[in-house]
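J.: Supplied in structure tokens, the structure appears directly below.
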Amino acid sequence: MKMSSKARYGLYVAVELAKKFERAEVTTVSALAQATGVTEKYLEQIVALMKKADIVSSTRGANGGYMLTDSPNNITVGRVLRAVEDNLEIVDCIHKGCKNKCNCVSRNLWAKLYENINSYLDTISLKHLAEDNI
């Protein structure tokens, strides 16, 4: 399984915001772009997905920007990744209908792997990741 750039950059953004959460700092997209090395235009798309999932909030104006909606301790890596990705399914047939369901010998393997990946990602908070404590 290979994570998309949206997933990687979404996580970079979330960790940057986690580092500033205790100081209640808002961060602009241009500051996030400088910190992550990603274009502002692409980050705006990613942050919009995170805002829709209620992971970040925005403040308008001269001193505006983005910040996490909750403590980094309460936001998991899994939540961030699911917000910016369509899903984290490793094969298409896990939740969609599978043509070969009766004959597929590996469907249960993929379903359990998917479940374990998500469970693991949900044990890691942004705080742990920001402090490099995983």
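J.: Taking loop as defined by DSSP and a crowding limit of 15 other beta carbons within 10 Å, which GluC sites (Glu not before Pro) in region 15-120 fit?
T.: Working: sites: Glu16, Glu22, Glu25, Glu40, Glu44, Glu85, Glu89, Glu115; in loops: Glu22, Glu25, Glu85, Glu89.
Qualifying residues, ordered by number: Glu22, Glu25, Glu85.
J.: Still on this structure: Could you provide, to the nearest whole Å², the per residue accessible area of region 1-69 with probe 1.4 Å?
T.: So region 1-69 comes to 59 Å² accessible per residue, rounded to a whole number.
J.: Which distance in nm do the two modelled labels at Glu40 and Arg8 give, with both placed 7 Å along the Cα-to-Cβ direction?
T.: About 2.3 nm separates the two model spin labels.
J.: Using Cα springs under 10 Å in a Gaussian network model of the chain, which residue among Asn73, Asn63, Asn118 shows the largest mean-square fluctuation?
T.: For the chain, modelled as a Gaussian network with Cα springs under 10 Å, the answer is Asn63.
J.: Taking amide hydrogens as modeled 1.01 Å from N in the peptide plane, which residues meet the under 5 Å criterion relative to Phe21, leaving out close sequence neighbours?
T.: Here the answer is none, since no amide H 5 or more places off falls under 5 Å of that of Phe21.
J.: Using a 1.4 Å probe on the protein chains only, how many percent of the accessible area of the chain belongs to carbon and sulfur?
T.: On the way: 3960 of 8330 Å².
Solvent-exposed carbon and sulfur of the chain make up 48 percent of the total.
J.: Would you tally the net charge around Glu115, using a Cβ to Cβ cut-off of less than 14 Å, leaving Glu115 out, and scoring K and R as +1, D and E as -1?
T.: Combined, the nearby Lys, Arg, Asp and Glu give +1.
J.: Still on this model: Rg/Rh for region 1-93 to two decimals, with Rh computed the Kirkwood way over all alpha-carbon pairs.
T.: My calculation of the ratio gives 0.97.
J.: Using DSSP loop states and a limit of at most 10 other Cβ atoms within 10 Å to flag trypsin sites (Lys or Arg not before Pro), what is the longest stretch of the chain containing no flagged site?
T.: So the longest stretch without any such site is 24-59.
J.: Counting only helical runs of four or more DSSP H residues, what would the 222 nm mean residue ellipticity of the chain come to if each run contributes -39,500 (n - 2.57) and the total is spread over all its residues?
T.: After summing the helix terms and dividing by the residues of the chain, the value is -14500 deg cm²/dmol.
The values are calculated or read from the model by the stated rules, or taken from the named source; none is laboratory data. Source: prediction; values computed, not measured. Cβ coordinates were reconstructed from backbone atoms using ideal geometry, including for glycine residues, and neighbour counts include every protein chain displayed. These area figures cover heavy atoms from the full protein model, side chains too; ligands, DNA and RNA do not enter into them. Shrake-Rupley method; radii C 1.70, N 1.55, O 1.52, S 1.80 Å.
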